[in-house]
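Structure record follows, encoded as structure tokens.
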Amino acid sequence: MRARRSGDTDVELRVLFNLAVVPYESGDVGATLRWVDTALARAVELGVEWSFYGVEHGYATTLTARTVGRDCRVNQQVTVGHTGRGQPVIGDRVSIGAGAVVVGPVTVGDDARIGANATVVRDVPPGAAMLAPPAVPGERRGGRPGQ
């Protein structure tokens, strides 16, 4: 058996879990459960420490954090992704609202909340709430704002 680089385990498990999506989308629940079971068994063999996080309504959600803490919630159409500089680290009990974006080498502290449609590109302190700017009226067609 060859020595593993630190990223190999992560890639192998992602492939196994992503393969479970195909039978799930075709409605084959049995095959989906077998793929997930295979991935979990392999993770145990590799000594991977597991934590729970829930992806609610996972449609169009991308989650490529370096680590995700325990008891996290991620809503639909969320992007947690890497840039050329690094990947996010998500703490314990973090909640990420629908449409939020967390990118780059940022740390989201424990118990933080990322609001719907918020964009996070800097570290978030523990317990903080990061909110998107509210919608404001723009200029209407034909000239003046607010008409």
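May I ask you to say which residue of Gly104, Gly91, Gly115 is touching a His at 6+ places or on another chain (Cβ under 9 Å), under 22 Å from Thr61 (Cβ atoms) and either of a type in the set (Gly, Ala, Ser) or in contact (Cβ under 8 Å) with a residue 24 or more places away in the chain (or both)?
Gly104
Across region 63-84, what is the number of residues that are of a type in the set (Val, Ile, Thr) and under 14 Å from Asn117 (Cα atoms)? Steps first, answer last, please.
Step one: filter region 63-84 for residues of a type in the set (Val, Ile, Thr), giving 64, 67-68, 74, 78-80, 83.
Next, from what is left, pick out any that are under 14 Å from Asn117 (Cα atoms): 74, 78-80.
Residues that pass the stated criteria total 4.
Among Gln76, Gln87, which is at pLDDT 85 or above, in contact with a Phe, Trp or Tyr (Cβ under 6 Å, 6 or more places away or on another chain) and not basic (Lys, Arg)? Full working, then the answer.
On the way: Gln87 fails: in contact with a Phe, Trp or Tyr (Cβ under 6 Å, 6 or more places away or on another chain).
Matching residue, one of Gln76, Gln87: Gln76.
Could you give every pair whose Cβ atoms fall below 7 Å, whose first residue belongs to region 69-85 and is assigned by TED's automatic domain parsing to the domain that holds Arg122 and of a type in the set (Gly, Ala, Ser), and whose second residue is at pLDDT below 85 and assigned to a strand (DSSP E or B), counting only separations of at least 6 or pairs across chains?
Gly81/Thr62
Does Val55 satisfy the criteria of being in contact with a strand residue (DSSP E or B) (Cβ under 8 Å, 6 or more places away or on another chain) and at pLDDT below 70? Can you show your working first?
Numbers: in contact with a strand residue (DSSP E or B) (Cβ under 8 Å, 6 or more places away or on another chain): yes; at pLDDT below 70: yes.
So Val55 fits the description; yes.
Of Ala116, Ala60, Ala100, Ala112, which residue is at pLDDT 85 or above and surrounded by fewer than 17 Cβ atoms within 10 Å (Cβ to Cβ)?
Values: Ala60 fails: at pLDDT 85 or above; Ala100 fails: surrounded by fewer than 17 Cβ atoms within 10 Å (Cβ to Cβ); Ala112 fails: surrounded by fewer than 17 Cβ atoms within 10 Å (Cβ to Cβ).
It is Ala116.
The values are calculated or read from the model by the stated rules, or taken from the named source; none is laboratory data. If you're wondering where the values come from, they're calculated on a predicted model, not measured in any experiment. Note that each Cβ is placed from the backbone with ideal geometry, even for glycine, and that neighbours are counted across all protein chains shown.
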